[in-house]
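Asker: Provided herewith is a single structure, encoded as structure tokens, for subsequent inquiry.
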Amino acid sequence: MRLPDCYLAKLGPTPLVTVRLSPTAPEIWCKLEFLNPSGSTKDRIARYILEKALRAGRLRPNGLVAEASSGSTSIAMALACAQLGLRFAAVMPESVSNERVLMIRALGGEIRLTPRELGMRGAIEETQRMATADPSVFLPRQFANPDNAWAHRTGTAREIIDQIPGGSVDAVVSGVGTGGTLVGLYEGLREAGCPVCPVVARPVALNAAPDIECCSFSSRVPGVVDCMSEIFRPEDLPGLCVEEVPDHEALAAARALIARGFPVGPSSGLNFRAAEQWALGRPGAHVVTVFPDRMERYFSTELFSEVKER
Ligand code: PMP
């Protein structure tokens, strides 16, 4: 079928720029994904997954798309659905922040809230119930759908190859939420012949109450979660490295990037600090990371606590 005219298909590549925060620190190549139209890298997966479903006839014009996400993916899906002539329902636990709900509604999306105590699991089960009740409902399922990684493999990775001097990358560094970014970039860069090392940026919660935070991932760095991904399989990533970053350092790096004119969220600070750690002692290495989303999503969080006190 002929796809609806969609400006997302006409955007140029996001910039890839070098950033060095101090004269002695390593230089990192940063992909400015916060410049995508809805403010995050998730615009890429939204468009890729929905256009593929439309082409395959899995989605019809004005069809309903339902995604369990309280984060960037729902906002990106709402925007892409608005462009592609589709309906969108974001299913999320009651605890979600109001700014996100308003953005999705303004983009024409419907919000379905699930009980707070059931968490994301409850939201995922609700989308499954919707699809069982009406098989025409399309579920992008970002945590399980390999097309999430393909969007980065065929899009983001190829842009990086065209943008980086010499067309070669030594390491790609990213936090893992769905795993789509890291897996897709690694596969795309390998495919282009780069001797690339995949590096997980892992936030370590330092001052969390032990009974609340049972793993070393940190609620202070949203978007990067443990054990949710069915796309990220360490056995498929030879030479995988992990850089652990204390969460207060991730936040400090995000604030330093903002002060330099990069309006990013906490996970960009995490990615940047992890990339610096990997690059230390490897002079001349081409280290690439991504700045996934924008600072405006985090006004009500700790990222802005120091600014509010000024
Ligand atoms: N940072 C932010 C802000 C995110 O929303 C996400 C995705 N949830 C990530 C990092 C991780 O990216 P991915 O899902 O591709 O692993």
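The values are calculated or read from the model by the stated rules, or taken from the named source; none is laboratory data. All figures in this text were calculated on a predicted structure; none of them were measured in a lab. Note that we place each Cβ from the backbone using ideal geometry, even for glycine, and neighbour counts take in every protein chain shown. Side chains are part of the model used for accessible areas, which takes the heavy atoms of the whole protein and leaves out ligands, DNA and RNA. Shrake-Rupley method; radii C 1.70, N 1.55, O 1.52, S 1.80 Å.
Asker: Quick one: what are the phi-derived ³J(HN,Hα) couplings along segment 84-94, Karplus 6.51/-1.76/1.60 with θ = phi - 60°, whole Hz, x for glycine and proline?
Answerer: 9, x, 10, 9, 9, 10, 9, 9, 8, x, 3
Asker: Moving on to the next point. Could you tell me whether segment 120-251 comes out rounded, prolate or oblate from its Cα gyration tensor? Rule is a ≥ b ≥ c as square roots of the eigenvalues, rounded for a/c under 1.5, then prolate if a/b exceeds b/c, otherwise oblate.
Answerer: Oblate.
Asker: Leaving out ligands and nucleic acids, and using a 1.4 Å probe, what accessible area per residue does the chain come to in Å²?
Answerer: On a per-residue basis, the chain sits at 45 Å².
Asker: A further question follows. Averaging sequence separations of C-alpha pairs under 8 Å and six or more residues apart, then dividing by the length of segment 1-59, give the relative contact order as a whole percent.
Answerer: RCO, segment 1-59: 32 percent.
Asker: To continue, here is another question. Among the lysines, select those whose C-alpha is under 19 Å from the C-alpha of LYS52, and discard any that sit fewer than 8 residues away in the same chain.
Answerer: LYS10, LYS42
Asker: Right, another one. What order do you get for 163-172, 24-33 when each peptide is scored by the mean count of other beta carbon atoms within 10 Å, highest first?
Answerer: Per-residue Cβ counts within 10 Å, averaged per peptide and sorted highest first, yield 24-33, 163-172.
Asker: Out of the DSSP beta bridges found with both residues in segment 43-133, what percent are antiparallel (nearest 5)?
Answerer: Beta bridges within segment 43-133, antiparallel portion: roughly 0 percent.
Asker: For the chain, modelled as a Gaussian network with Cα springs under 10 Å, which listed residue fluctuates most, ALA66, ALA123, ALA133?
Answerer: Taking springs between Cα atoms under 10 Å, the residue moving most is ALA133.
Asker: How large is the dipole of the chain about the Cα centre if only Lys and Arg carry +1 and Asp and Glu carry -1, each at its Cβ, rounded to the nearest 20 debye?
Answerer: 900
Asker: For segment 84-131, just say rounded, prolate or oblate: build the C-alpha gyration tensor, square-root its eigenvalues into a ≥ b ≥ c, call rounded for a/c under 1.5, and beyond that prolate if a/b exceeds b/c, oblate if not.
Answerer: Note, shape of segment 84-131 comes out oblate.
Asker: Hey, could you get me the Stokes-Einstein D for the chain, Kirkwood radius over alpha-carbon pairs, 37 °C and 0.692 mPa s, rounded to whole µm² s⁻¹?
Answerer: Estimated via Stokes-Einstein, D reaches 166 µm²/s.
Asker: Place the peptides 148-155, 70-77, 1-8 in order of packing, highest mean first, counting for every residue the other Cβ atoms within 10 Å and averaging per peptide.
Answerer: Ranking the peptides 148-155, 70-77, 1-8 by packing returns 70-77, 148-155, 1-8.
Asker: Moving on. Starting from the amide H of CYS197, placed 1.01 Å from N in the peptide plane, find each other amide H under 5 Å away whose residue is 5 or more places distant or on another chain.
Answerer: Close amide H contacts, sequence-distant or interchain: ALA171, VAL172.
Asker: For the chain, which whole percent of the accessible surface, found with a 1.4 angstrom probe, sits on carbon and sulfur atoms?
Answerer: Taking all protein chains in place, the chain shows 52 percent carbon and sulfur surface.
Asker: Just the number, please: percent antiparallel of the DSSP beta bridges in the chain, rounded to the nearest 5.
Answerer: 20
Asker: Given LEU79, TYR48, THR132, which one lies farthest toward the positive end of the charge dipole of segment 43-133, if we put +1 on the Cβ of every Lys and Arg and -1 on the Cβ of every Asp and Glu?
Answerer: TYR48
Asker: With a ≥ b ≥ c taken as the square roots of the eigenvalues of the C-alpha gyration tensor of segment 58-159, please select rounded if a/c is under 1.5 and otherwise prolate if a/b is larger than b/c or oblate if it is not?
Answerer: Taking the square roots of the gyration eigenvalues as a ≥ b ≥ c, segment 58-159 is rounded.
Asker: Treating the beta-carbon of each Lys and Arg as +1 and of each Asp and Glu as -1, no other charges, what is the dipole magnitude of segment 43-133 about its Cα centre, to the nearest 20 debye?
Answerer: 360
Asker: Additional query: If the cut-off is 18 Å between C-alpha atoms, which aspartates and glutamates fall inside it for LYS31, apart from same-chain ones fewer than 8 positions away?
Answerer: Qualifying aspartates and glutamates at Cα under 18 Å: ASP43, GLU159, ASP162, ASP170, GLU187, GLU276, ASP293.
Asker: Can I ask one more? Suppose a student asked you for the relative contact order of the chain, using Cα pairs under 8 Å spaced at least 6 residues apart; what percent would you report?
Answerer: With pairs under 8 Å counted, the relative contact order is 19 percent.
Asker: A follow-up question, please. If packing is taken as the average count of other Cβ atoms within 10 Å, what order do 271-277, 90-96, 47-53 fall into, highest mean first?
Answerer: Descending packing order for the listed peptides: 271-277, 47-53, 90-96.
Asker: As I understand it, the dipole of the chain uses +1 on the Cβ of Lys and Arg and -1 on the Cβ of Asp and Glu, about the Cα centre. Which of LEU3, PRO15, LEU102 lies farthest toward its positive end?
Answerer: The listed residue farthest towards the positive side: LEU3.
Asker: So what is the relative contact order for segment 86-209, in percent, with contacts set as C-alpha pairs under 8 Å and at least six apart?
Answerer: Value for segment 86-209: 19 percent.
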